[in-house]
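The values are calculated or read from the model by the stated rules, or taken from the named source; none is laboratory data. Everything numeric in this text was worked out from a predicted model, so none of it was measured. Virtual Cβ from ideal backbone geometry, glycine too; neighbours counted across all protein chains shown.
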Amino acid sequence: MTDYFIDNLSYFDRQDLYGEWDDGERFGFFSTAIIEMLEVIDWIPDIIHANDWHTAMIAPLLVDRYHWKQPLEHIRKVFTIHNMRFQGVFPKDILNNIFGTGWNTFTEDGVKYYEAVNYMKGAINFSERVTTVSPTYAREIMTPEFGEDLDPVLRHNGWKVRGIINGIDYDLNNPETDALIAHNYSVQDLSGKFKNKTALQKMVGLPVDKKVPLIGVVSRLTDQKGFQLVEERMEELLQSDVQVVVLGTGDKRFENSFRYFESRYPDKMKALIKFDLSIAQQIYAGSDFFLMPSAFEPCGLSQMVSMRYGTVPIVHETGGLNDTVKPYNQYERTGTGFSFNDFNSQTMLDLIHYALDTYHNRPEDFRKLMTNGMNKDFSWTGPAKEYQAMYRELIQ
């Protein structure tokens with residue numbers, strides 16, 4: 001396989017990837033360059049698979065600006081939405097000034113979004129297939145609650161929309177070989193798992209106690225991830241016999257809030273306002289529970305990583321969290337985690353207390369939840385086959 005890279009130091013030699021004043025121009029150049037390079041390298045693909053708004057204009061450009069070029073006219077277009085909230089909306093003059101096109105695509109069934117251009121809308125309208133990163137999210141984005149104002153467009157194109165769950169790297173996230181955790185272990189021998197809890201408590205400065213349940217969080221600290229619920233109930237949660245470790249950065253509101261709780265409960269709460277991969281892996285390996293109460297979650301990887309390491313997730317039933325975490329049934333002793341449906345802080349807190357009760361009073365069930373999660377297959381093997389089947393459909 002040959003990999004090609006496109007660069008432009010003027011556009012991309014920046015401190016940040018996104019959030020620049022000329023993002024529309026920068027990624028407009030990138031999308032155009034992807035198409036222009038094909039004839040230069042003398043290789044025309046059957047399919048171009050674009051992701052999110054940053055490469056979304058490839059589909060409209062192939063239909064409009066490049067449709068007359070015979071080598072390019074038969075390329076099939078697949079577009080994947082990873083997050084509906086970020087769509088790439090820019091002034092309509094960008095069509096002339098950056099893409100060098102006329103107004104053919106500036107229609108309601110094209111890129112027109114009020115009086116602006118919406119890159120993502122264009123990709124949805126002009127691609128042969130639109131995928132999202134979980135089946136539940138594919139259904140959710142066709143509703144006003146999750147569609148971010150593009151739900152009518154998605155419903156109109158519903159015949160081409162499908163959800164394929166993401167996978168995780170099983171070589172990188174492997175408790176048997178992970179060099180970033182203190183002790184390796186497997187589903188057959190969990191002794192290292194329990195040693196990792198002690199190592200994590202020592203690492204972050206919490207009292208070493210193998211009996212106290214430890215809740216881990218590795219995340220961006222934003223409202224999308226549901227931290228308004230955690231903030232509302234953290235005071236009550238920390239009245240319980242529990243330890244909480246939060247690792248991540250994000251909104252200053254949440255960063256400061258978790259710092260406050262750490263100062264108030266230094267023996268129960270640690271707020272690590274940064275990102276550190278080695279600490280993250282130790283949290284996955286050393287925690288008993290992994291808290292992920294996202295308001296919406298297109299797929300989510302952390303819940304799958306936590307289960308890979310035998311850490312039981314506590315999640316809100318949305319998007320990929322709904323597709324990957326099977327709720328605990330204490331009567332059948334099945335499931336891989338705990339989940340709540342109503343997005344409110346009291347429901348979340350009640351579920352956490354139920355999870356803690358299971359940990360303390362039904363230890364055999366809790367261990368079964370751990371091993372059930374570890375035995376699930378969240379690798380790329382299954383998703384890759386689904387993508388392959390979709391590609392074959394397009395080129396038959």
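Evaluate segment 134-149: report whether one residue or more is assigned to a strand (DSSP E or B), under 20 Å from Asp377 (Cα atoms) and outside the structural domain of Arg308 (by TED's automatic domain parsing). For segment 134-149, residues assigned to a strand (DSSP E or B), under 20 Å from Asp377 (Cα atoms) and outside the structural domain of Arg308 (by TED's automatic domain parsing): absent.
Selection within segment 366-388: residues that are aromatic (Phe, Trp, Tyr) and outside any helix (DSSP H, G or I). The member of this set that is surrounded by the fewest Cβ atoms within 10 Å (Cβ to Cβ) is Trp380.
Residue count for segment 291-344 under the criterion of being in a loop (DSSP other than H, G, I, E, B) and either among the charged types (D, E, K, R) or on the phi > 0 side of the Ramachandran plot (or both): the result is 9.
Across segment 333-382, the number of residues qualifying as free of Cβ contacts under 8 Å to residues at least 24 places away in the same chain and either farther than 19 Å from Gly310 by Cα or touching a helix residue (DSSP H, G or I) at 6+ places or on another chain (Cβ under 9 Å) (or both) comes to 3.
Filtering segment 84-109 to residues that are surrounded by fewer than 20 Cβ atoms within 10 Å (Cβ to Cβ), part of a loop (DSSP other than H, G, I, E, B) and not hydrophobic (A, V, I, L, M, F, W, C) leaves Arg85, Lys92, Asp93, Gly100, Thr101, Gly102, Asn104, Thr107, Glu108, Asp109.
Can we say Thr177 is assigned by TED's automatic domain parsing to the domain that holds Thr336 and either among the charged types (D, E, K, R) or outside any strand (DSSP E or B) (or both)?
The answer is no for Thr177.
Just checking: which of the helices (runs of 4 or more DSSP H) contained wholly in segment 214-287 hold 2 or more residues that are loosely packed, with under 15 Cβ neighbours inside 10 Å and more than 24 Å from the chain's Cα centre (by Cα)? Where helices (runs of 4 or more DSSP H) fall fully within segment 214-287 and carry at least 2 residues being loosely packed, with under 15 Cβ neighbours inside 10 Å and more than 24 Å from the chain's Cα centre (by Cα), they are 227-237, 252-264. One residue alone among Trp21, Trp68 is surrounded by fewer than 20 Cβ atoms within 10 Å (Cβ to Cβ), in a loop (DSSP other than H, G, I, E, B) and either touching a strand residue (DSSP E or B) at 6+ places or on another chain (Cβ under 6 Å) or modelled with pLDDT of 90 or more (or both), and that residue is Trp21.
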